[in-house]
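Chemist: Supplied in structure tokens, the structure appears directly below.
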Amino acid sequence: MRVGVLALQGAFREHITDLEALGASVLPVRLPEQLDGLRGLVIPGGESTAIAKLMRTYGFYEPIRAKHAGGMAVWGTCAGAILMAAEIADARADQEPLGLLDAVVRRNAYGRQKDSFEADLQIAGFKEPFRGVFIRAPRIESVGPGVEVLATHGERIVAARDGNLMATTFHPELTGDPRLHRFFLDRVIGAK
Ligand code: GLN
């Protein structure tokens, strides 16, 4: 199975390693043409403003939307979750989201870099807790009616899924736990 990881900025290498370890054929995506033939795309964590700027420069917005409309699954982690949302709360004019997942996301919802933290999360369908690494994490403020909440931390939604779209506000690629990557390959890709 061929999947891509958007490799413009941020923690893309770790996602590539994790997905390859599960047997996927993984392409670091640096140009929109490389989206051709991908079953899924991971948009990594990093700095959403920087990733958005590079996405605009290289012309990624319309191709990602078009490929998703044609069936490509998308998983956004942290900055990627911000970028795939329908709306960014209090966004600056230059922060354009892809508008794939029916959700409102707020950047830096827990404060500054020093307010980064880790927490054990109960994820729907997972027996054991999943260690969530939150680095200047966003929060998912609200989701539309078709969106399933997969995990919360306190009052906050930290993982959500709608068919072949998934958003996590933490960094599963930094914990060595393959369960969310496997879930993406086995359950999110190919879902309607
Ligand atoms: N705070 C970052 C942003 O707004 C996201 C941080 C991350 O991806 N770890 O883009």
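The values are calculated or read from the model by the stated rules, or taken from the named source; none is laboratory data. Just so it is clear, the model here is predicted, and its values are computed rather than measured. Note: accessible area is taken over every heavy atom of the protein model, side chains too, but ligands, DNA and RNA are not part of it. Shrake-Rupley method; radii C 1.70, N 1.55, O 1.52, S 1.80 Å.
Chemist: Keeping the other protein chains in place, figure out the carbon and sulfur percent of the accessible area of region 1-158, with a 1.4 Å probe.
Modeler: 48
Chemist: Could you report region 23-144's accessible area per residue, 1.4 Å probe, as an integer in Å²?
Modeler: 45
Chemist: May I pose another question? When 1/r is averaged over all different Cα pairs and the result inverted, which Kirkwood radius in Å belongs to region 38-133?
Modeler: 14.6
Chemist: While we're looking at this one, here's another question. Taking a cut-off of 16 Å between Cα atoms, list the lysines near K192, but don't count ones fewer than 8 places away on the same chain.
Modeler: K67
Chemist: Rounded, prolate or oblate: which one fits the chain, using the alpha carbon gyration tensor with axes a ≥ b ≥ c (rounded when a/c is under 1.5, else prolate when a/b beats b/c, else oblate)?
Modeler: Judged from the Cα gyration tensor, the chain comes out rounded (a/c under 1.5).
Chemist: Next question. Give me the percent relative contact order of region 58-192, please, defined on Cα pairs under 8 angstrom at least 6 residues apart.
Modeler: 24
Chemist: Another question, if that's okay. Rg/Rh for region 104-167 to two decimals, with Rh computed the Kirkwood way over all alpha-carbon pairs.
Modeler: Result for region 104-167 is an Rg/Rh of 0.97.
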